[in-house]
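Below you'll find the structure, written out as structure tokens, and then a few comments.
Every read-out reported here was derived from the displayed coordinates using simple, explicitly stated rules and does not represent laboratory data. Just so we're clear, the structure is a prediction, and the values are computed from it rather than from any experiment. Every residue, glycine as well, gets a Cβ built from its backbone with ideal geometry; the counts of neighbours run over all protein chains shown.
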């Protein structure tokens, strides 16, 4: 078991009818690293994410977390095993304030009794107080303390995106999957978010993310996996990937195409 | 709503019968019962985020169950009522488990069909329900703890207590975990499921609580009207509840009560003919949706904000 990687993505495949969105992708994620999953549009990155987080059933292969098969489990079960994710385009609870959003995520699994909470018994109140403290911590971490009382849906996209990360962090994951965390951010915001991703890793959470912004990917990843047309075409340190002719071809097209 | 609103509302409502005529006490009681039913619809619309055209079925089941238990088995009101409420909650759980998987128009249609089935059973099960002629001569609740409910005023106070206790309990509920989880499911089901909220269980719980409140209105209807007939429980009654919620303000609990007061008391007071009521409700619904989508409560809040802004700018 000592040789089992933290997360093993083992020959996974996903076919939508005749379309093979993910043909055969295999890679591992080591504990404590930041792994970037990149590839051109339609390469199968988000599908791979949906397969790992259980949002889609696999056509083939399996996903293991510390040697334990998690593919086939329901998304909420996978989340409770320590794999949290954000969503492309960001999912939040738009009508709630930022604080209420995070409270909701923390409250969802809190052992609050239905009647105890309805009638405000001390046990339930203690849990709410504890959650209030945790919310403050997450707000600090994602840098939204000043926006705590804003209606989440009214915030600029970059802030909603940070809140999406906060919602995932509220589930206290060991592995965090970020789906295009820097989309729609200006360079300043991207730098701030990239620093946050590194702080997340430093706090002991392994990070796997899908991203288009190559500069950001090169800057913060320990390793990079490149997929194209549903298959892995390269894997390695950022410098190796940047020099890999197959990667350059996938992104820019080969000479024959031109 | 600020903390003063509920006590103030209670004091005004409690004082009213002392200063108005007996006919107005009747109207006030009618308003309070409609407010209880609208409150139940407010929970469905605002917190489950569904439109329930079959909500009146829960009222009908509670009304008939409690009254039949009294008439046929000689149970007292105080024993029949909790049994009827338990029946309604049980039926809501079963119906909810089936229908809450459906979305949008499908949920609406199936609940509408459910309500029609309930109404048709009541209309056709002659031996038990006396069919379209209905149940007549329903007595006021038996005296309990030395309090008699024979007078119109005493019954009004009973209905008012039911409304206030329901409102207070629901105000607490929507601030508790259950309320927050319901709102989360309404806002984004995929995210809600992902953070670990059992979606179906939340929705069914919400519908059961809503049915319980609707049932509270139902158990009061029989003794209040002294007659129950299937014609009282048509689609239009569910629509009335929806209009009350929309007029008062969706997503709040005070809204349905304001809407019920507005739409019960005012038309009756102006002695509108009863058969114009469905048309009136339709017109009101269109006007409010177009010009005040947040309802009366939204208008009041907007007015308050404007006042505050003007006060600030004036300085």
Counted neighbours (other Cβ, 10 Å), sorted fewest up, put A:76, A:117 in the order A:76, A:117
On the formula 1/(1 + (r/R0)^6), with r taken between the Cβ atoms of residue A:218 and residue B:116 and R0 of 56 Å, the FRET efficiency rounded to 0.05 is 0.30
Of all DSSP beta bridges having both residues in segment A:7-252, the percent classed as antiparallel (nearest 5) is 55 percent
The exposure ranking of B:291, A:209, B:276, fewest beta-carbon neighbours within 10 Å first, is B:291, B:276, A:209
Computed Rg/Rh for the protein assembly as shown (Cα atoms; Rh = Kirkwood radius) stands at 1.08
Whole-number value, in Å³ per residue, for the convex hull of the alpha carbons of segment B:5-234 is 125 Å³
Per the helix-only model, chain B has a calculated mean residue ellipticity at 222 nm (DSSP H runs of ≥4, -39500 (n - 2.57) each, divided over all residues, rounded to the nearest 500) of -24500 deg cm²/dmol
Note on segment B:5-234: contact order normalised by length, alpha-carbon pairs under 8 Å, 6 or more apart, percent, works out to 39 percent
D (µm²/s, integer) via Stokes-Einstein for chain A, Kirkwood Rh across alpha-carbon pairs, 20 °C, 1.002 mPa s: value 111 µm²/s
Computed over segment A:7-252, the relative contact order (Cα-Cα under 8 Å, seq sep at least six) in percent reads 29 percent
For segment B:191-315, averaging the sequence separation of alpha carbon pairs under 8 Å that lie six or more residues apart and dividing by its residue count, the contact order in percent is 21 percent
Quick note on B:37, A:196, A:214, ordering by fewest other C-beta atoms within 10 Å, gives A:214, A:196, B:37
Between residue A:172 and residue A:24, Cβ-based FRET efficiency (R0 45 Å, step 0.05) works out to 0.85
Kirkwood Rh over alpha-carbon pairs of segment A:42-165 plugged into Stokes-Einstein at 4 °C, 1.567 mPa s gives a D in µm²/s of 79 µm²/s
Among beta bridges assigned by DSSP with both residues in the protein assembly as shown, the antiparallel ones amount in percent, to the nearest 5, to 60 percent
Simple spin-label estimate for residue B:20/residue B:304, 7 Å along Cα→Cβ, in nm, reads 2.4 nm
Once both label points are put 7 Å beyond Cα along the C-beta direction, the residue B:161-residue B:283 separation in nm becomes 4.0 nm
